[in-house]
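Input: a single structure, listed below in structure tokens.
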Amino acid sequence: MIVPFLLFNLLLTSIPLTWATEPESPPDIDINNPVALQEATRVLAEEVKLAARPQTYVIIDLVDRAVLIKSRGVELHRFPIERWSAAQLGEATATFRLQKRPPVTRRKVDPAAGAEQLPISLDDMPTDFTLLFSPSLTVTVHPSAPDDLWRGLKFKGREWWIWLKDWSLILATGNAPPRQPSIHLTVTFDHAQSLAWTVTEGMPFLLHRASLPPS
């Protein structure tokens with residue numbers, strides 16, 4: 001009886017390893033939309049490659065309006081995207097690697113409490129930041145704060161500044177600046193900090209593209 005029991009235990013321990021290499025929740029595929037079908041199939045094929053290795057990766061799903069944090073095909077966490085806009089996503093089909101994680105906003109040390117620095121926590125994470133990737137991709141994360149006029153003006157000011165720089169270059173040289181794929185995501189304050197806390201340098205990202213932003 002010992003041998004069958006050992007074989008049964010071995011079978012149980014091998015099952016999670018088999019499941020771990022396949023995505024837990026493949027994206028819903030609209031078989032009546034050839035473009036959506038091709039895009040969902042592409043994302044699933046790329047995720048299978050990432051899920052085969054012991055690493056954490058992120059999927060920005062513009063179709064389901066969610067950011068998924070996954071490992072070995074298993075969904076660890078997800079949070080909704082409230083609003084998004086994008087540009088130049090036609091060729092954004094690669095697996096993108098994060099170049100640098102967002103900077104930490106360290107709290108000031110109280111001299112009266114001693115020189116010891118408090119450990120970094122979620123509260124130290126930024127809520128408004130830009131992620132740069134290789135190949136070229138820019139993801140700007142902005143927290144939704146309808147009652148915070150200053151944050152809204154800051155976000156709009158950054159967009160106007162980019163627009164002004166582009167037009168200044170056009171007027172000076174007569175040539176339009178090279179455009180790179182970019183995404184603007186609006187999430188809650190807490191979700192923005194959670195994403196900044198999670199990402200690390202070199203972390204892979206996948207983009208599930210949608211043809212048009214939601215209205």
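Within the shell of other residues whose beta carbon sits under 10 angstrom from the beta carbon of GLN55, the net charge comes to +3, with Lys and Arg scored +1 and Asp and Glu -1. Could you work out the local net charge near LEU131, counting Lys and Arg as +1, Asp and Glu as -1, over the other residues with Cβ closer than 9 Å to its Cβ? Counting the neighbours of LEU131, the net charge comes to +2.
Taking amide hydrogens as placed 1.01 Å from N in the peptide plane, the amide H of LEU131 sits under 5 Å from those of VAL139, THR140, VAL141, each at least 5 positions away in sequence or on another chain. The order of MET125, MET203, going from fewest to most other C-beta atoms within 10 Å of their C-beta, is MET203, MET125.
Each of SER144, SER211 was scored by other Cβ atoms within 10 Å of its Cβ. Arranged with the fewest first, they read SER211, SER144.
Counted by neighbouring Cβ atoms within 10 Å, the residues GLU46, GLU39, GLU82 run from fewest to most as GLU82, GLU46, GLU39. Can you list residues from other chains, or at least 5 along the same chain, whose modelled amide H is less than 5 Å from the amide H of ILE81? Here ALA66, VAL67 satisfy the definition.
Every number in this text was worked out from the coordinates using simple rules, so none of it is lab data. Predicted model only: the values in this text are computed from it and were never measured. Because the Cβ atoms are built from the backbone with ideal geometry, glycine has one as well, and the counts that use them run over all protein chains shown.
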